[in-house]
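These notes concern the structure reproduced below.
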Amino acid sequence: MFKLIIGNKAYSSWSLRGWLAVRQSGLPFEEIVVPMYDQDWDKRRQGDEFAPSSGKVPILWDGEVVVWDSLAILEYCAEKAGRDRFWPADEAARAMARSMAAEMHSSFQHLRREHSMNIRQQYAPAPLSEGAKQDLERLFQLWAQARARHGSGGDFLFGTFGAVDIMFAPVVTRLVTYSIPAPRFALPYMQAMFDHPFMQDWIAAAQEEPWVLERFEQPAG
């Protein structure tokens, strides 16, 4: 059985991606939530279970096999459970979905840095930096293209829930947390993401967490 080690559900965007990937696989797993940045955090990260990832979460153990980094975990789960659970069947759609997932993994630095994930909060709107505006322009451009070209089969970017939605899930929460305006076409997609049962389970668990990290409890700006 898988063992998935993740950080706080309220704050850890990469953990959300890894966790959604394992849930999407349908395979059984043991979930271990490790509170980040508490007094034992540095010592805990030096343990054998964290050694392969240099102390970062999420990290997935499958017996003696270890996978870290959320995109690698996603691909490992796809190999184990079947790629049709994660990627579109159509070649052109699959190529676009892979490209979008990879771009989400490596880009949007201003949006990440200036609007950290806090799934328990919703702040009043605040001015955005030029870098964040550019990130959002690109984000909505990608969403619009995916929905227009390949999204007719359902409410998600490529119709049905899959890998690319998993990669963009934390961004959807950021838009809500920081009251960032989204174009009208994006609103049904965002609602579908929040209504997805996996997301509902994650959000409910985040609300019950006892840990509060002040560094993530301040609004943007």
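The values are calculated or read from the model by the stated rules, or taken from the named source; none is laboratory data. Bear in mind the structure is a predicted one, so any value in this text is a computation, not a measurement. Because the Cβ atoms are built from the backbone with ideal geometry, glycine has one as well, and the counts that use them run over all protein chains shown. These area figures cover heavy atoms from the full protein model, side chains too; ligands, DNA and RNA do not enter into them. Shrake-Rupley method; radii C 1.70, N 1.55, O 1.52, S 1.80 Å.
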Subject >> Odd one out for residue 213 among (1) at pLDDT below 95; (2) open to solvent by 40 Å² or more (accessible area, probe 1.4 Å) >> reply: (2)
Original post:
Mind checking which residues of segment 24-36 are of a type in the set (A, V, I, L, M, F, W, C) and surrounded by 15 or more Cβ atoms within 10 Å (Cβ to Cβ)?
Top reply: 29, 33, 34, 36
Subject >> Hits in segment 155-181 (condition: surrounded by fewer than 20 Cβ atoms within 10 Å (Cβ to Cβ) and either among the charged types (D, E, K, R) or on the phi > 0 side of the Ramachandran plot (or both)) >> reply: 155, 159, 179
Original post:
Can you find even one residue in segment 87-99 that is open to solvent by less than 70 Å² (accessible area, probe 1.4 Å), under 22 Å from residue 182 (Cα atoms), in a loop (DSSP other than H, G, I, E, B) and aliphatic (A, V, I, L, M)?
Top reply: no
Subject >> Tabulated pairs, segment 144-168, first under 19 Å from residue 75 (Cβ atoms), second small (Gly, Ala, Ser) and open to solvent by 20 Å² or more (accessible area, probe 1.4 Å), C-beta under 9 angstrom, 6+ apart or interchain >> reply: 160/153; 160/154; 161/154; 167/102
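Okay, residues lined up against (1) in contact with a Ser or Thr (Cβ under 7 Å, 6 or more places away or on another chain); (2) modelled with pLDDT of 95 or more; (3) not small (Gly, Ala, Ser):
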site	(1), (2), (3)
98	no, yes, yes
113	no, no, yes
133	no, yes, yes
137	no, yes, yes
142	no, yes, yes
146	no, yes, no
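Which residues, taken from segment 145-154, are open to solvent by less than 50 Å² (accessible area, probe 1.4 Å) and closer than 17 Å to residue 195 by Cβ? Give the derivation first.
Applying the first criterion (open to solvent by less than 50 Å² (accessible area, probe 1.4 Å)) to segment 145-154 yields 146, 150-151, 154.
Selection gives 151, 154.
Tell me, which residue of segment 37-77 that is assigned to a loop (DSSP other than H, G, I, E, B) and of a type in the set (Phe, Trp, Tyr) is most open to solvent (accessible area, probe 1.4 Å)? Spell out how you get there, then give the answer.
Taking segment 37-77 as the starting set, the residues that turn out to be assigned to a loop (DSSP other than H, G, I, E, B) are 37-40, 46-50, 54-58, 63-64, 69.
Then keep just the ones that are of a type in the set (Phe, Trp, Tyr); that gives 37, 50.
Numbers: 37: 100, 50: 8 Å².
Only one residue fits best here, namely 37.
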**OP:** With respect to residue 180, determine if the residue is modelled with pLDDT of 95 or more and assigned to a loop (DSSP other than H, G, I, E, B).
**Re:** yes
